[in-house]
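Structure record follows, encoded as structure tokens.
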Amino acid sequence: MKFFHRLVSWIANALFAVSMVAGVLMMLHVTIDVIARSFFNSPLAGTGEITASYYMIAVAFLPIAWVTLRDQHVTADIFVSALPRLFQTVIALLVDVLVILYVSAFVWQTWISAAARTERGEVWEILGGYLPIWPTRWILPVAGAAMVLTMIFRLFAKLTNTNPVTGEKA
């Protein structure tokens, strides 16, 4: 279980770090574009498209395994919290299984889409040329697969009474 925890933690942390780098790059890119447009009347070509298709997708989706590992997703459990502990546990396990199934379907479909768009060499037309978009299509299946792996780890952690954050027996 400790190896599984280290693996999931490493993947989640790596994807989180990449998302943070993408966030910093997005801020720098947009700032440079604003300065170039304002002071030199020469905006950077494709800033909006690069921001929307590369940076924002990375910032929004890559950290989901990190958030999942720490159980930091937004929840609305006002009704479940009023139930007896046994029902809360059963519902939590059922929700975990359903999330694994749903996100697995998401990974499958986004993988098919990414493969098709890669094969076509998808591009967007921007001022002064074309921007390859197909690489960003792989962010969704990668992030989703990391979340599925993390959810499977969390489910095993619950079943084996292991702390999902530390990987130690509770």
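The values are calculated or read from the model by the stated rules, or taken from the named source; none is laboratory data. Keep in mind that what you see is a predicted model, and the values were worked out from it rather than measured. So basically every Cβ, Gly included, is an ideal-geometry build from the backbone, and we count neighbours across all protein chains shown. Quick note on the areas: whole protein, heavy atoms, side chains included, nothing else; ligands and nucleic acids left out. Shrake-Rupley method; radii C 1.70, N 1.55, O 1.52, S 1.80 Å.
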Which pairs have Cβ atoms under 7 Å, sit 6 or more apart or on different chains, and link a residue in the range 1-26 that is touching a residue at least 60 places away in the same chain (Cβ under 8 Å) and surrounded by 16 or more Cβ atoms within 10 Å (Cβ to Cβ) to one that is hydroxyl-bearing (Ser, Thr, Tyr) and part of a helix (DSSP H, G or I)? VAL8/THR150; ALA12/THR150
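Results for (1) in contact with a Lys or Arg (Cβ under 8 Å, 6 or more places away or on another chain); (2) assigned to a helix (DSSP H, G or I); (3) closer than 26 Å to ILE133 by Cα; (4) acidic (Asp, Glu), shown as yes or no for each residue.
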| position | (1), (2), (3), (4) |
| --- | --- |
| ASP71 | yes, no, no, yes |
| VAL74 | no, no, no, no |
| SER81 | no, yes, no, no |
| VAL90 | no, yes, no, no |
| LEU101 | no, yes, no, no |
| SER104 | no, yes, yes, no |
| GLN109 | no, yes, yes, no |
| SER113 | yes, yes, yes, no |
| GLU119 | no, yes, yes, yes |
Report yes if SER53 is surrounded by 14 or more Cβ atoms within 10 Å (Cβ to Cβ) and of a type in the set (Ser, Thr, Tyr), otherwise no. yes
Take the range 133-170 and flag every residue that is within 16 Å of ARG6 (Cα to Cα) and either under 12 Å from the mean Cα position of the chain (by Cα) or assigned to a helix (DSSP H, G or I) (or both). ALA146, MET147, VAL148, LEU149, THR150, MET151, ILE152, PHE153, ARG154, LEU155, PHE156, ALA157
Counted residues, the range 77-130 - those being open to solvent by 60 Å² or more (accessible area, probe 1.4 Å) and in contact with a Phe, Trp or Tyr (Cβ under 9 Å, 6 or more places away or on another chain): 7
For the range 8-27, does any single residue satisfy the condition of being touching a Pro at 6+ places or on another chain (Cβ under 7 Å) and among the polar types (S, T, N, Q)? yes
Neighbours by Cβ (under 7 Å, 6+ apart or cross-chain): first from the range 130-151, under 20 Å from THR47 (Cβ atoms) and in contact (Cβ under 8 Å) with a residue 40 or more places away in the chain; second assigned to a loop (DSSP other than H, G, I, E, B) and open to solvent by 20 Å² or more (accessible area, probe 1.4 Å): ILE133/GLU122
In the range 60-76, how many are under 17 Å from the mean Cα position of the chain (by Cα) and either of a type in the set (S, T, N, Q) or buried (at least 20 other Cβ atoms within 10 Å of the Cβ) (or both)? 9
